[in-house]
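Student: First the structure, then my questions, so here it is.
The values are calculated or read from the model by the stated rules, or taken from the named source; none is laboratory data. Remember, predicted model here, so these are calculated numbers, not experimental data. Here Cβ is always computed from backbone atoms with ideal geometry, including for glycine, and neighbour counts include all displayed protein chains. Ligands, DNA and RNA are stripped out before the accessible areas are found, and what is left, the full protein with its side chains, is counted by its heavy atoms. Shrake-Rupley method; radii C 1.70, N 1.55, O 1.52, S 1.80 Å.
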Amino acid sequence: NILRIAEAVRAREVICCGYTPCPPHPKLAKTAMGTDTMVRCRWCRSSLDAVRRLRAEGVRQILAAEWNETSVPVWRQEYCYPLAIVLGNEAPGVSAETLAEVDGCIGIPMFGEKSSINVGNAAAAIVCSILAAQDNLNG
């Protein structure tokens, strides 16, 4: 799902971390519908390693998609490019070590009793909100 979103918005790349499968992978090939061969992917041992690599490569802003007491709603955040968004594991979220190294947290306010959506749906909502914010700035 995230590879399909990345391809749809022409994201530069997806970095898979930890046990998340990275192309080529049979499970991804089935659900990615060909985007696993269209989107640049690489693997890092952890999200912390990915953040550090992205910093070294000149990414200007790295934000975690994590709702906490410091989070800004995704549509209110000011963005600098190049931009990276860290998506956490659906159960534990983004690790504390990674949160300590990012530039801030963005999130989707939740109002339901469960207040939870899967990471693919969250990625879609976040990316669309970022694109809308960028479009508003560009007129």
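Student: Using modelled amide H (1.01 Å from N, peptide plane; none on Pro or chain starts), what sits under 5 Å from the amide H of CYS44, excluding residues fewer than 5 places away?
Tutor: CYS16, CYS17, GLY18
Student: Computing the accessible area with a 1.4 Å probe over protein heavy atoms, can you report the carbon and sulfur percentage for the chain? All intermediate terms of the calculation are to be shown ahead of the outcome.
Tutor: On the way: 4680 of 8730 Å².
Percent of accessible area from carbon and sulfur atoms in the chain: 54.
Student: Something else now. Given (i) 0.97; (ii) 1.00; (iii) 0.94, which label gives Rg/Rh (Cα atoms, Kirkwood Rh) as computed from the coordinates?
Tutor: Working out Rg/Rh (Cα atoms, Kirkwood Rh) from the coordinates points to (iii).
Student: Residue separation times 0.36 nm, minus the C-alpha to C-alpha distance between THR31 and ALA91: what's the value?
Tutor: Contour length minus the Cα-Cα distance gives 19.5 nm.
Student: Further question on the same structure: Among residues other than ALA6 whose Cβ falls under 13 Å from its Cβ, what is the net charge (Lys/Arg +1, Asp/Glu -1)?
Tutor: +2
Student: To continue, here is another question. Between GLY104 and residues 5 or more places away or on another chain, which pairs have amide H atoms under 5 Å apart, with H built 1.01 Å from N, and which residues are they?
Tutor: ALA64
Student: I would also like to ask the following. Answer with one residue from PRO82, HIS25, PHE111: the one whose Cα lies farthest towards the positive end of the charge dipole of the chain, charges on Cβ with Lys, Arg +1 and Asp, Glu -1.
Tutor: Value computed over the given set: HIS25.
Student: Mind ordering 21-29, 97-105 by average Cβ neighbours within 10 Å, highest first? It would help to have the intermediate numbers written out before the result.
Tutor: Values: 21-29: 13.6, 97-105: 16.9.
The densest-packed peptide leads the list: 97-105, 21-29.
Student: Calculate for the chain the 222 nm mean residue ellipticity that helices alone would give, adding -39,500 (n - 2.57) per DSSP H run of length 4 or more and normalising by residue count, nearest 500 deg cm²/dmol.
Tutor: Rounded to the nearest 500, the figure is -9500 deg cm²/dmol.
Student: Then there's this: Please get the size of the charge dipole for the chain, origin at its Cα centre, with Cβ charges of +1 on Lys and Arg and -1 on Asp and Glu, quoted in debye to the nearest 20. Walk me through the numbers before you get to the answer.
Tutor: Working: 14 positive and 14 negative charges, 100 e Å.
My answer is approximately 480 debye.
Student: How many nm separate the modelled label positions at SER46 and LYS114, each set 7 Å beyond the Cα in the direction of the Cβ?
Tutor: For the pair SER46/LYS114, the computed spacing is 3.1 nm.
Student: So between CYS22 and ARG60, what do we pick up on full extension, going 0.36 nm a residue minus the alpha carbon distance?
Tutor: Taking CYS22 through ARG60 to full extension adds about 11.2 nm, to one decimal.
Student: With the other protein chains left in place, how much accessible area per residue, in square angstrom, belongs to the stretch 41-92 at a 1.4 angstrom probe?
Tutor: Value returned for the stretch 41-92: 60 Å² of accessible area per residue.
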